[in-house]
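The values are calculated or read from the model by the stated rules, or taken from the named source; none is laboratory data. Predicted, not measured: the structure shown is a model, and the values here were computed from it. Every residue, glycine among them, receives a Cβ derived from its backbone with ideal geometry; neighbour counts consider all protein chains shown. In case anyone asks, the SASA skips ligands and DNA or RNA and just uses the protein heavy atoms, side chains included. Shrake-Rupley method; radii C 1.70, N 1.55, O 1.52, S 1.80 Å.
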Amino acid sequence: MVIIMLNFNKLEIKEAKRFKDRLLGLMFKKNINYGLLFKRCKSIHTLFMLEEIDVIATDHAPHTLEEKKQSYLNAPSGGPLVQHAVVAMFEAFHQGKISVEKIVEKMCHNPAKIFKIEKRGFIKEGYYADLVIINSGLPWSVKKENILAKCGWSPFEGFTFKSRITHTFVNGQLVYTAFKVKDIRAGKRLLFER
């Protein structure tokens, strides 16, 4: 359920709102009027093929369930999605909707190119090693005990993904493996070529 942000015509906005309202209720209130969940949109495959989507990202807004249960006008928008963004895209890969190469392009290469982020988004000599290792044939189920967001919940709780992230490296340092985040500070400030 990676949220894909792009401009839609009025018909597609209406379709997105209908899906959002019917399937997600108040849990995914957004501040903007143009979002779709890739698993729910019949035309998303076409958008990928036509190169209409430049970047796929999440808003990762780890609000508590108590905050999300407020009235629509008071509930904060967004949800805790960053932990599951890549494996959610791999669900689309397993469904034949997108290639692994296209996932990498949209989630890694293009953000670095569009925002002119120095030495990020590619595996190249001299670049920072920000990497995830994914086993595309290792299923796992989202359970309360393996949710890493501090808010303690996920809209994916109870869902079984076909792929699993086994390792994450930030600036060349192993920071995640076996559902555990290491207690190290590996992050560095992003620099931009502007």
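Structural remarks
- Subset of the range 107-156 (residues that are under 14 Å from V82 (Cα atoms) and part of a loop (DSSP other than H, G, I, E, B)): V142, I147, L148, A149, K150, C151, G152, W153, S154, P155, F156
- When residues of the range 48-79 are limited to those that are at pLDDT 85 or above and of a type in the set (D, E, K, R), the one least open to solvent (accessible area, probe 1.4 Å): K68
- Answer residue from the range 157-188, given it is part of a loop (DSSP other than H, G, I, E, B) and among the polar types (S, T, N, Q) and is least open to solvent (accessible area, probe 1.4 Å) among those: S163
- Every residue from the range 117-166 that is among the small types (G, A, S) and over 16 Å from the mean Cα position of the chain (by Cα): G126, A129, S136, G137, S141, G152, G158
- Close pairs (7 angstrom Cβ cut-off, 6 or more residues apart or separate chains): at pLDDT below 95 in the range 152-170, of a type in the set (A, V, I, L, M, F, W, C) and in a strand (DSSP E or B) anywhere: none
- Members of the range 109-130 that are open to solvent by less than 60 Å² (accessible area, probe 1.4 Å) and under 16 Å from H167 (Cβ atoms): A129
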